[in-house]
1. Given axes a ≥ b ≥ c from the Cα gyration tensor, I'd like to know whether the range 160-293 is rounded (a/c under 1.5), prolate (a/b larger than b/c) or oblate.
2. Beta carbons within 10 angstrom, averaged per residue: use that to sort the peptides 244-250, 506-512, highest first.
3. Residue by residue through the range 110-121, which ³J(HN,Hα) values in whole Hz follow from phi under the Karplus form 6.51 cos²θ - 1.76 cosθ + 1.60 (θ = phi - 60°), with glycine and proline marked x?
4. Nearest 0.05, what FRET efficiency do S86 and F368 give at R0 = 51 Å with Cβ-Cβ as r?
Amino acid sequence: MARLRTIPMNARTSMRAGFCLIAPLIVGIIVDQRVPATLVAIGSLWTVSQDGVDRWGERSLRLLSVAACAGGGFLVGGFAREWLLSNWSLWLFLAAMALIAGFVETTSRPAPGMYLLLGAIVGSALKVKTLTWQPGLYVALGGIWVWGVALLMDRRSRKLDERLCVADAYVALAQLLRLEDGSSVLEARARALNSLDVAQDVLSSPRHSREASREEADALQDCFVVALQIGELSSVLRRQSLLVDETTTAALDNVGQTLRYQSAVVARVELEALAVNLNTRGITLAQRYLSKALFPYFHKVTMMPVLGSVKERLPLRDRFRFSVLLGSGVVAASLVTYQLDSPHAFWLPLSVAFILRPDLGPVIPRAFQRTLGTLAGVAIAAVVSWLGNNTYSLLVLCAAMAAVIPWASRRSHALTVMAFTPIVFVFLAVIGPDQYLFVPRIVDTTLAAAIVLLIDIVLWSRAPALRPAQQIQYADFLTRRYETSDTSSDPQRRHQQRRNALRAVARARSSLRQASAEPHPLRRPNHQLAEQLDAVQRRIDERTAAIVIMAFEN
């Protein structure tokens, strides 16, 4: 285990993906239980797709929820196949499951919601010789298998979850303070803001402080308060064009490394020593400001019970609208599959559910990427099939593609689909012949993309083009609330309002980029929006500068 810790997290994720996927298949082939093994591998594949290098607390919940939702979807889908005798009743069942899944997807849990729907779709169409309740159990076991392997492989990062998040915030803040004005500053500010948000979510969880001594927990909270104060001060330094020397930013980097590899108590001592050092040699205004911000008791915040999660949810109306669109797409795909009498009736509605997601940016580019990825994946599977589809080549292909999934998911949707598609053919080949399914897979994916594009253009694409203006309006509202409220005696509320406004600005910028990525006929260019957004951010910085300078002078 000690040697395993030296392997980079990304490499460990790829190793875990390949191992978790082929292990059930090997066992199933050895004991001649191919169908149960394939179902376990399906659960492993779906859960592996949600693995990553993010903090364990968030990832563990995501993996377990995907396992539970995928298995539960398979279970209800199997019973629906047995009990609902007409096609219409089955389509109504899928529509109802899409409504439920759509609400879950748009309530800060996109992956479990999607796999609940995928399990229901495949479970209602896949006919295997097992008891009705068994496929759902096998799929859930596959997800739990991935979670258990990740639990063992990431033992160190799991125990250091809280300190790692605060450490990342210090590294991001040090990088922000190093940069002069330029386009990279916006990215650095967004990265620092996100790091602070993640750290706040960790420290606000009920589990916080139970896994460490009281002194360590208090020191970690003090380190986070200092990080908040540095984040606030960065706006002042940027507005007044004050640069921080490399020695100070390197010291903040060292604090982050101390949090990562030692303890929060030692990191707090380093912060206090840096503050004294800056106060002693504080020649520049930036050094004098930082010397105060580095003491956690300068703006002491009572963290625990008032600190809450920063996660936001879509309004209820938007969640319901997405659910209806998702249900319409799944039912339309099922109708087309019925008319075409397509083999493996789950593929077309499955592709619709994969493409139509609320958390992956513009739908139109993703639909094209999924089609291209399917073409490439089918080509890879066809080569292996042409070579004979022997057991060893299938296992090697499955392991290789599974190991590629974590890397591909960080690059593009097309590469992810390219890695997924051959694995599905391996599953089909383990159960039975797949030589005549290559063309139907391409046709089904293309039809799914067409259905989603039709829904997106007719019912949904008006929203993305208008969304930047709506987001900027919301950012302006939060900025005005930050400007007019009297928070001098309540630093916790002030930090919260400032970061709410900055998050709204970051979302608006992302919305502008997404709108510019839409095909030309759907764009509604408004060159004043970017200028309006810059003006909103300047107002946030002005308000922050006024508050901080007044506090520092007092």
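Any read-out appearing in this document is the output of simple, stated calculations on the displayed coordinates, not a laboratory observation. None of the values given here were measured: they were computed from a predicted structure. Reconstructed Cβ throughout: ideal geometry from the backbone, glycine too, with neighbour counts over all protein chains shown.
1. On the way: a/c = 2.24, a/b = 1.42, b/c = 1.57.
Because a/c hits 1.5 or more and a/b fails to exceed b/c, the range 160-293 counts as oblate.
2. Numbers: 244-250: 15.7, 506-512: 20.1.
Going from most to least packed, we get 506-512, 244-250.
3. For the range 110-121, the Karplus-derived couplings read x, 5, x, x, 5, 6, 4, 5, 4, x, 5, 5 Hz, x marking Gly and Pro.
4. Details: r = 36 Å, r/R0 = 0.70.
E(calc), rounded to 0.05, equals 0.90.
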